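Contents: one structure, followed by commentary.
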Amino acid sequence: MHPSNHLEELLNVVDRLTRVHKSEVLVEDEGKEQRVTMLHDALIVQLRMAVHSSLGSTVQGAGLASERNVIDADALEHYEAIRGQAVKLFKEVTDAKPFASPESNLRHWYIEFKNQVNARKVSAEIMAAKLRKLNAMAYAIESKLSPPTALEITAPCPRCGATHGNDEQGVYRRAILVESRIVEYRSLDHTKARCIACSATWLHGRGMRQLRYEIDQSEELRHADNENAESIEQMFENCGTIEVRSISLPKIERH
Ligand SMILES: [Zn+2]
């Protein structure tokens with residue numbers, strides 16, 4: 001097969017590494033299976049965030065000590081390896097000075113490499129080797145990060161009031177979906193909540209606490225006598241936690 005036939009596959013993995021991308025997950029809501037779309041940050045961005053995660057900030061022990069930011073040495077080592085590989089690829093195709101971010105280096109590499117492929121300067125063996133390389137980079141990051149899980153929040157969105165909406169695929173579902181790569185039981189690191197109706201987004205532990213606060217505020221407006229602000233832990237218990245049954249391979253959609 002001519003190497004140019006693999007360009008799309010190559011761009012797919014470059015996109016997963018360097019861009020916000022979507023994947024479909026199957027969730028169960030009151031016994032019914034539903035396919036919903038999740039938006040993920042670029043894998044390299046997720047890895048960079050993992051380096052500076054506040055390890056141990058569990059809901060139960062969200063005191064001062066557990067809020068300290070610590071460097072995750074293992075994630076840092078992974079990140080440095082990825083950064084080095086991106087610079088190496090960049091230098092294979094140009095004499096220009098590498099960019100500061102691995103994302104830029106990889107995207108630039110892809111453009112130059114694609115030109116070489118289209119100019120028929122790349123053998124099938126080289127193409128296969130690059131595909132293996134890029135897939136290995138994505139796999140290394142994905143196995144470092146915990147698999148994503150999805151939770152649906154049953155409370156209406158505190159920003160726009162929507163309880164349900166149509167997602168990007170036109171599937172009708174609850175408005176707020178929380179994507180989490182739970183490292184530790186009920187840890188709120190690597191967590192992102194997003195409303196499909198108004199696109200409001202809440203990130204990580206601070207964002208989840210903010211979301212809880214906003215939901216409480218809007219509930220208090222409706223029930224002026226509601227004085228029992230729920231803890232974040234209760235939010236997880238009361239929000240109709242939905243377990244992700246299976247996660248399909250990310251499908252990239254370009255616009
Ligand atoms: Zn909203």
How many of the residues making up region 111-161 are over 23 Å from the mean Cα position of the chain (by Cα) and over 30 Å from Leu221 (Cα atoms)? 20
Those residues of region 206-233 which are in a helix (DSSP H, G or I) and modelled with pLDDT under 55, in sequence order: Ile232, Glu233
Name every residue in region 3-48 that is modelled with pLDDT under 80 and either of a type in the set (A, V, I, L, M) or within 11 Å of the chain's Cα centre (by Cα) (or both), in order of residue number. Lys22, Ser23, Val25, Leu26, Val27, Val36, Met38, Leu39, His40
In region 191-216, how many are over 12 Å from Leu177 (Cα atoms), charged (D, E, K, R) and away from the ligand (no atom under 14 Å from the Cβ)? 4
Does region 89-101 include one or more residues that are within 21 Å of the chain's Cα centre (by Cα), at pLDDT 95 or above, hydrophobic (A, V, I, L, M, F, W, C) and more than 30 Å from Asp167 (Cα to Cα)? no
Are any residues in region 110-141 in contact with a Lys or Arg (Cβ under 9 Å, 6 or more places away or on another chain) and not aliphatic (A, V, I, L, M), and if so, which ones? Phe113, Asn115
Checked pairs for region 150-168, first within 11 Å of Cys195 (Cβ to Cβ) and in contact (Cβ under 8 Å) with a residue 40 or more places away in the chain, second near the ligand (Cβ under 8 Å from one of its atoms) and not in a loop (DSSP other than H, G, I, E, B), C-beta under 7 Å and 6 or more apart or across chains, list as Ile153/Ile176; Cys157/Ile176; Cys157/Cys195; Arg159/Cys195; Cys160/Cys195
Output for region 175-205, where each listed residue is at positive phi and modelled with pLDDT of 70 or more: Ser199, His204
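The values are calculated or read from the model by the stated rules, or taken from the named source; none is laboratory data. Predicted, not measured: the structure shown is a model, and the values here were computed from it. Virtual Cβ from ideal backbone geometry, glycine too; neighbours counted across all protein chains shown.
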